[in-house]
Every structure is written in C-alpha cells, then in structure tokens.
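Beneath this line is the structure, given in structure tokens, with notes to follow.
Every number here is computed from the coordinates shown, using simple stated rules; none is lab data. None of these values were measured; they are calculated from a predicted model. Reconstructed Cβ throughout: ideal geometry from the backbone, glycine too, with neighbour counts over all protein chains shown.
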Amino acid sequence: MAKSAALFRALPFVLSVLAALTGAGQATAQGVTLFRDRFLQGPSQTFHDDVPDLRYTQLGSRRASSIHVPPGCVAVVYGRPGFRGRSTTFRDSDNDLSNTAVGEDSASSLRVNCRRSGPGNHYRPDWHVDHPGSDEPAPRRGVVLYRDREAGGPSQFFDRDVPDLDRTRFGSRMASSVDVSPGCIAVLHELPGFRGRRTEFRERDDNLRNTAVGEDTASSLQVRCR
C-alpha cells in the first residue's frame, strides 16, 4: 500500500519528464520538406540532413515544385547531385520553385541546416556561404517582381530588360513590390517601351504605392547588374 502511494505521488514528476522529452524530440525533429506540386501540395518528404543525391530518396530527383522551411532552418537546393550546379538558398517556404534560380523539377541535391536543442547544436546563420558546390556558377542576380506588397504573392525573376511586361507570365500593371539583388539596379516604367513615369530601385521596396511609378502600374522593366 505504501509503495502504491509513493508511486502515485511520483506520477506528476514522471509525466513532466516525459512531456519535456517529447518536446525536445519535436524541436530536434524539425526539417525541410520538398513537395512535388506547387503550394506545398502532393507527395512530399522531410529531410533533416544533407542529401547529396535525391535520386536515392522516396521523393526522387528533379521532382520538387515547392519547399517548406520552418523557422530556424536554412536550406540550399542544387540543380545537380553532389551540391553542384545552380542553387537557391531558402530561409522560409516557397510555393513555386519555377521563380527561383534552381527552378522547378530541377532539385537534385539538398543541404539542410536547422537549429537543434542540446549540445549537438552546430547551427550557423552563415552556413550556406561556406558550402558552395565544387563547380557551382555564381548565383543569378537580377530583379523579382511581386504581385502583393512585402514580397508576397505570385512573382517572377528577371535578369534582363523587358520592354513589355504584358508578354511575360507575370503580366503588366501587376507589381506591388520589388526585390533587387546586391549590385543591381532596376528601373520600372509606367508604359511599355521604357516610357512614362519611372522609378529606379537599388534595393527591396515592399510597397510600390509610395513610389513615382506606383502600384499595379509597371509595364516595362530595365535591369542592370555589375
């Protein structure tokens, strides 16, 4: 009877230890998930460590169309096995890889870096800089136009002049925000053919409404990168 009472008194402590262990396991288990369809849909697989060749995974190589990156994680997706070829670094989720340098249905290898609790935590914010592919070309630089403010919504990457945005997948008179790579300059024009009101950008702008060219107005684009 005394043993039963002692066990009963110890039960809350045991439950709290189990809860703490479970929480730690969940924190350690976070990883990066690749999806075969856009908008985080379709078959998927979560990865917690580097994958030099996605062919030998359940998801497969050259199958990814979107990616989920939880807070505290950084992922680098490469276009060739062995962490080579074009690459894109992700610090948050991306619903459409076709708008990235690595591209859609191109991912062939993957690096994953997530914060982990405990002594095994070797997370470094600048980790991706130290891990270029052995023959990886310089990252593509240019301009990304977004349909929503604060770099949200559908988007498209441009690395050359576009005299008429109406002839692109992004469309004319659709831009609400813009992101410009370091060393690049973007000029948005109100009319096709680089005419009308214009605004020059050297960095990201989350709200084109506050610019001379305006929101939902850009019809042509000039891109210059050093």
Relative contact order computed over segment 30-121 (Cα-Cα under 8 Å; 6+ residues apart), in percent: 33 percent
Sequence of Val178, Val74 once ranked by neighbouring C-beta atoms within 10 Å, starting from the fewest: Val74, Val178
In order through segment 84-96: 3J(HN,Hα) via Karplus (6.51 cos²θ - 1.76 cosθ + 1.60), integer Hz, x for Gly, Pro: 10, x, 4, 9, 9, 9, 10, 10, 8, 6, 9, 7, 8
Calculated from backbone phi, Karplus (6.51, -1.76, 1.60) coupling profile of segment 103-114 in Hz, x at Gly/Pro: x, 8, 6, 10, 4, 10, 8, 8, 10, 10, 9, 10
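Nearest 20 debye, what's the magnitude of the dipole of segment 143-225 about its Cα centre given +1 on Lys and Arg Cβ and -1 on Asp and Glu Cβ?
Values: 13 positive and 14 negative charges, 41 e Å.
That gives segment 143-225 a dipole magnitude of about 200 debye.
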Backbone HN-Hα couplings from phi across segment 50-60 [Karplus 6.51/-1.76/1.60, Hz, Gly and Pro as x]: 4, 10, x, 8, 6, 4, 9, 10, 5, 5, x
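How do Arg115, Arg62 line up, fewest other C-beta atoms within 10 Å first?
Numbers: Arg115 17, Arg62 14.
Ascending number of Cβ neighbours within 10 Å: Arg62, Arg115.
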